[in-house]
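First comes the structure, then the notes that go with it.
Please treat every number below as a calculation from the coordinates, not as lab data. Predicted model only: the values in this text are computed from it and were never measured. All Cβ positions, even for glycine, are placed from backbone atoms using ideal geometry, and neighbour counts span all protein chains on display.
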């Protein structure tokens, strides 16, 4: 049955939810409503500048968050699963914000369908990792985490192309590079349950990078911009430092993300804007 509420109003409400578990469940319900045609209007509701967050975990600067070492003892594996759960919670908010923030661009309905599908995947990942943490006698919020992902969102909030360049095509693409080694180390440590969860995430993230690439190319086309040089310019402006190889070329190609985009950004420091001086 159609709802009188617009899609962006519903998205903004879910973004404001503080409890991580409740937010993930609400996302899955909202996406089901979108898929069954309950929302007839996109709307123009502005998303919150900052999404709701639980009281825990304590957020610290990235350098103050302990490094994660996978061992046969549970502590390192708990830290890793907790860190990825935190990334998935941020990814929920990034996908919801993507579908809510840029309505002025008059994007086609498929744009909203794609990013809501991404949000649904991220919510499913978060719930899966929360269950895995419980199996390790832990819970989301037990350990500190950093706020770097949402800081990247704030820096690109004014520019659809910049958001598409950074969130899916730098930050999420990085997951394609590092996750296979995590899966291998988890299996070596005898933690097949965590490894299986990470393998599901890895499979889905290829699709998410593909969604980002599709809409980056689309947005470039609207402005008659060359995607490769535009991506280089935006990453050079909004990302700090060269991209780190080695790259998972197979996974990136499966997402439609060619080496011509990212390979030069690992080699040429002149493509990056110089850091601004404090004060």
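Figures for the structure shown
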item: Two-site label geometry, residue 40 and residue 203: point separation in nm, points 7 Å out along Cα→Cβ; result: 3.8
item: Under 16 Å from the residue 226 label point (7 Å along Cα→beta-carbon), backbone N, the range 167-184; result: none
item: Mean ellipticity per residue at 222 nm, deg cm²/dmol - from DSSP H runs of n ≥ 4 across the chain, formula -39500 (n - 2.57); result: -19000 deg cm²/dmol
item: Solvent-free Debye scattering, log10 I(q)/I(0), computed from the Cα coordinates of the chain at q = 0.13 Å⁻¹; result: -0.91
item: Separation between Cα centres of the range 235-253 and the range 208-232, rounded to whole Å; result: 15
item: Rel. contact order, % - alpha carbon contacts under 8 angstrom, at least six apart, the chain; result: 17
item: Convex hull volume per residue in cubic angstrom - Cα atoms of the range 9-138; result: 115
item: Highest-fluctuation residue, 208, 82, 158 considered, GNM on the chain with Cα pairs under 10 Å; result: 158
item: Average projection area in nm² (convex hull over Cα atoms of the range 136-204, one quarter of hull surface); result: 5.8
item: Ranked 142, 36, criterion: other C-beta atoms within 10 Å, fewest first; result: 36, 142
item: Fluctuation leader among 200, 78, 70 - the chain, Gaussian network, Cα springs under 10 angstrom; result: 200
item: Cα-Cα P(r), the range 144-279, percent of pairs per 10 Å interval; result: 11, 38, 34, 13, 3, 0
item: Mean projected area in nm² (Cα convex hull; one quarter of hull surface) for the range 1-83; result: 7.6
item: Overall Cα dimensions of the range 26-71 - principal axes, largest extent first, Å; result: 48, 29, 16
